[in-house]
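Reading through the structure tokens given below for one structure.
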Amino acid sequence: MDYSLSEQQEMLKKSARDFLSSESPKSLVRQMATDEKGFPPQLYNKMADLGWLGLNFPEKHGGTDASFLDLAVLLEEMGRACLPGPFFASSVISGMTIMELGSESQKQELLPKIASGQTIVTLAITEPESGYNPDKLKTNAVADKTEYLITGTKILVPYAHIANYCICTAKTSAGIALFLIDGSSSGIKLTPLKTIISDKQFEAVFNKVKVPKKSLLGKEGKVQAQLQQIMLKAAVAKCAEMVGGAQQVLEMTVDYVKERKQFGVPVGSFQAIQHHCANMLIDIDTSRFLTYQAAWKISEGLPFAKDASIAKAWVSDAYKRVTKLGHQCIGGVSLIEDHDMPLFSKGAKAAELTFGDADYHRELVAQELGL
Amino acid sequence: MNFGFTQEEENIRKEVRAFFQKEATPELVKEIAENTGATGSGIGRKLVQKMGAKGWLCPTWPKEYGGLDSSETISFIIRDEMAYAGGPVSLVGATMAGPSILKFASEEMKREYLPRIARGEIEMILGYTEPQAGSDLAALEIRAEDKGDYFLINGQKMFNTHAHFAEYHWLGARTDTSAPKHKGISLIIVDMKSPGITVRPMTSIAGGKTNEVFYDNVKVPKKNVVGEVNRGFYYIMTALDFERMFPFGGVRRILDELVRYTSTTKREGKLLSKDPVIRQKIAEIAIEVEAAYTLYYQQAYMLDKGQIPNYQSSMQKVFSSEAAFRAFDVATAIMGPRGQLQRSSKWAPIDGEAELHYRWAIIEDIYGGTSEIQRNIIALRGLGLPAR
């Protein structure tokens with residue numbers, strides 16, 4: 001048993017923290033909420049230079065061969081910084097999907113470009129009437145000789161406005177399939193959605209979008225199990241971000257309650273506040289350990305489905321509790337948009353609902369228990 | 001990072017599990033429960049002696065004191081399996097007083113007590129709480145007066161579990177009345193056969209025994225002081241950190257039992273396990289079990305690295321005891337009206353195990369330092385918040 005990061009992971013953590021605190025301060029994060037792109041491209045380029053955009057891609061595909069655990073360390077720091085941008089959509093989920101399902105030529109074509117930041121790929125899974133269960137999706141793909149025609153409505157597609165490609169789930173006559181759709185194809189209509197964290201999320205309506213057959217990712221009708229695994233890994237990656245956010249909320253809260261005086265004493269000397277802070281620490285440490293336990297299993301190639309759902313169910317609720325208590329301890333000033341707290345409390349809600357909330361994952365845990 | 005167990009650790013877990021499958025008879029489990037998780041003097045004592053013979057009571061101790069020189073992780077695994085089986089997890093000598101003796105006492109005292117503890121021959125009693133000294137332990141008043149070559153002890157202790165059968169009192173007593181209250185306490189080992197000691201048992205909400213202990217001019221040799229005189233409060237604080245390492249096997253067991261029970265029990269024609277609300281509730285127990293284990297083994301990891309868990313023990317104690325309460329609360333509720341039926345009653349599901357542990361769990365949020373005291377420790381020691 002080893003609860004510590006390796007020396008290399010500690011270095012990655014430290015350099016990520018230093019870089020993000022200078023390059024992505026909270027003022028920039030707030031500014032990006034109204035920015036058209038939603039992130040500064042020069043920051044994304046610097047991340048490419050650091051090797052982050054292809055962190056766990058194979059070296060031969062422009063990556064650095066890092067483990068999923070290393071990726072979790074980086075994501076924790078990004079969550080702490082509330083880093084805006086398409087990193088999660090492009091480098092984490094889309095990259096993972098291509099690594100797991102893509103043909104060698106698709107990997108060769110796309111992974112190096114994702115790693116260099118030249119290409120941005122997003123993922124279109126959620127539909128108005130279905131969440132993360134691919135069984136229920138309605139978007140369909142009709143095949144003719146050389147191509148498919150894709151029709152349907154996807155929602156909450158991140159950074160679709162700048163994505164060069166969109167990985168899209170659809171039903172074909174053979175079952176569920178994944179398509180790599182060129183973002184410039186005709187028949188795609190994007191409508192921006194207003195989200196709780198003002199990040200760039202879109203409705204993407206596909207109206208008989210023509211997709212060549214070679215754009216299939218994986219085998220038609222055979223990807224469902226792998227897709228489920230990818231969604232679970234994405235959930236664990238999301239947990240890592242959430243843990244970083246929660247840790248930052250606690251540090252911010254503790255710093256504040258040590259200084260803030262009421263009735264002539266620091267409010268942090270009141271037992272009610274102390275117990276709130278203690279509860280935050282318990283939630284954060286359990287969240288971190290459960291997240292890293294799942295990430296470790298993924299890294300080691302061990303079965304991880306139960307651990308992933310345990311982590312996402314727990315962290316979804318815990319992060320919300322932490323941000324709620326952060327507001328409660330800091331009080332009035334934390335309610336103003338200029339304060340950092342709202343970035344995290346709203347972020348906790350958004351993250352909870354991404355890749356399955358606690359109820360969704362508890363049901364998966366129940367299945368894993370054999371119920 | 002590594003959240004796996006080594007082959008050696010997996011092997012010992014299997015061995016301990018097999019041992020308890022054979023040894024944890026209904027009679028044993030009943031006796032342990034009636035003694036509030038302690039061995040008692042009957043079959044439980046024989047069981048710990050069998051464990052002692054294998055070195056499982058104090059595996060981390062040096063071989064010369066009866067241990068196996070093992071890692072803490074192994075010791076945590078053994079205790080977890082023991083808790084799962086309903087064995088005597090409340091081992092004061094082996095897991096609370098013993099480690100403190102090893103850390104603070106003289107060589108002579110180590111040789112006198114440790115090997116006998118490790119063999120399961122003697123058990124100790126935590127003698128901390130008094131009627132007016134609960135969470136504020138430093139307020140304890142029982143007086144140990146220096147009479148030259150012995151201490152003369154007068155006063156009263158309360159909620160001293162094990163006192164109705166164990167051999168030695170691990171007694172916190174006031175040796176200096178003029179010093180600040182936490183600087184005038186010594187830790188003294190008292191032979192319970194000493195003239196002047198009266199034990200009055202009380203029965204707890206979980207049906208187990210705990211006791212009041214009265215001292216009336218009890219003479220105790222001065223060599224029975226652990227470590228230095230008047231340093232007792234610090235030793236007790238350390239011993240409490242050992243005590244807070246809360247084995248969680250009992251909750252893991254109710255989870256397994258609930259999966260079995262709901263998968264085989266129908267209500268209104270439908271299997272309980274197919275009810276979506278019940279599925280959510282059982283999954284939540286499974287999640288909290290996993291969370292509790294991450295805190296449990298964090299302590300083993302720290303100890304194996306030579307660090308002493310501090311607020312981490314408080315985190316584990318408060319999280320685990322509260323999660324245990326939630327688990328048994330949910331378990332009894334899933335059973336419906338029959339959830340109130342007790343062990344050996346007709347119609348009691350899982351032989352009343354959930355009902356019994358529901359009562360136990362109420363106790364566990366209080367003893368060994370209440371949940372509120374644990375949160376104070378986390379806030380003050382863990383987060384550096386200002387004391388008032």
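Read the figures in this text as sums done on the coordinates, not as results from a lab. A quick note: this is a predicted structure, and the numbers were derived from the prediction, not measured. Quick reminder, even Gly has a Cβ in these numbers, built from the backbone with ideal geometry, and neighbours come from all protein chains shown.
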Convert each backbone phi in the range B:232-241 into a coupling constant with the Karplus relation 6.51 cos²θ - 1.76 cosθ + 1.60 (shift: θ = phi - 60°), then list the ³J(HN,Hα) values in order as whole Hz, x for Gly and Pro.
x, 4, 5, 5, 5, 4, 5, 4, 5, 5
When the chain is fully extended, how far beyond the present Cα-Cα distance does B:Gln132 get from B:Lys219, taking 0.36 nm per residue of separation?
28.9 nm
So who's got an amide H within less than 5 Å of the one on A:Gly218, skipping anything under 5 residues away but keeping other chains? H placed 1.01 Å off N, in plane.
A:Ser103
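Does the protein assembly as shown come out rounded, prolate or oblate, given a ≥ b ≥ c as the square roots of the eigenvalues of its C-alpha gyration tensor, rounded meaning a/c under 1.5 and, failing that, prolate meaning a/b above b/c?
prolate
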Which of B:Glu81, A:Glu300 has the fewest other C-beta atoms within 10 Å, and how do the rest follow up to the most?
A:Glu300, B:Glu81
In nm, give the distance between the simple-model label positions of B:Thr198 and A:Ser4, each being 7 Å from the Cα along the Cα-to-Cβ direction.
5.6 nm
What does the charge add up to near B:Phe159, with Lys and Arg as +1, Asp and Glu as -1, over the other residues with Cβ less than 12 Å from its Cβ?
+1
On C-alpha positions alone, give me the angle between the axis of helix B:7-23 and the longest principal axis of chain B, in degrees, nearest 10.
90 degrees
Computed from every Cα-Cα pair in chain B, P(r) in 20 Å bins starting at 0 and rounded to whole percents is 27, 58, 14, 1
Please determine, in degrees from 0 to 90 and to the nearest 10, the orientation of helix A:68-81 with respect to the longest principal axis defined by the Cα atoms of chain A, where the helix direction is its Cα long axis.
60 degrees
With a point put 7 Å past each Cα toward its Cβ, work out how far B:Arg111 is from A:Glu109 in nm, to one decimal.
8.1 nm
Two-site FRET efficiency, A:Ala225 against A:Asp359, from Cβ-Cβ distance with R₀ of 22 Å, rounded to 0.05:
0.45
Along the range A:151-161, what does the Karplus equation 6.51 cos²θ - 1.76 cosθ + 1.60 (θ = phi - 60°) give for ³J(HN,Hα), rounded to whole Hz, x for Gly and Pro?
9, x, 10, 10, 10, 6, 8, x, 6, 4, 5
Once every DSSP H run of n ≥ 4 in the protein assembly as shown is given -39500 (n - 2.57) and the sum is divided by its residues, what mean residue ellipticity at 222 nm do you get, rounded to the nearest 500 deg cm²/dmol?
-15500 deg cm²/dmol
Residues of the range A:125-164 with amide N under 11 Å of a point placed 7 Å along Cα→Cβ from A:Lys210:
A:146-149
Return one number: the angle in degrees, 0 to 90 and rounded to the nearest 10, between the long axis of the Cα atoms of helix A:7-23 and the longest principal axis of the Cα atoms of chain A.
80 degrees
Would you mind telling me the antiparallel percentage of the DSSP bridges in the protein assembly as shown, rounded to 5?
85 percent
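Rounded, prolate or oblate: which fits the range A:185-340, taking a ≥ b ≥ c as square roots of the Cα gyration tensor eigenvalues, rounded meaning a/c under 1.5, else prolate when a/b beats b/c?
Numbers: a/c = 4.56, a/b = 1.78, b/c = 2.55.
The shape class here is oblate.
Let me make sure I get this right: for the range B:7-122, a, b and c are the square roots of the gyration tensor eigenvalues over alpha carbons, sorted descending. Under 1.5 in a/c it's rounded, otherwise prolate if a/b > b/c, else oblate. Which is it?
Taking the square roots of the gyration eigenvalues as a ≥ b ≥ c, the range B:7-122 is oblate.
How big is the antiparallel share of DSSP beta bridges in chain B, given as a percent to the nearest 5? Before the final figure, lay out the partial values.
Working: 29 of 34 bridges.
For chain B, the DSSP antiparallel bridge percentage is about 85.
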Neighbours of A:Lys213 by Cβ distance under 13 Å: Lys/Arg at +1, Asp/Glu at -1, summed charge +1
If you rank B:Leu187, B:Leu68, A:Leu50 by fewest surrounding Cβ atoms within 10 Å, what's the result?
A:Leu50, B:Leu68, B:Leu187
Using θ = phi - 60° and the Karplus curve 6.51 cos²θ - 1.76 cosθ + 1.60, what whole-Hz ³J(HN,Hα) does each residue of the range B:361-369 get, with Gly and Pro shown as x?
5, 5, 5, 5, 6, 10, 6, x, x
Cβ-based net charge around A:Asn164, under 12 Å, with every Lys or Arg adding one and every Asp or Glu removing one:
-1
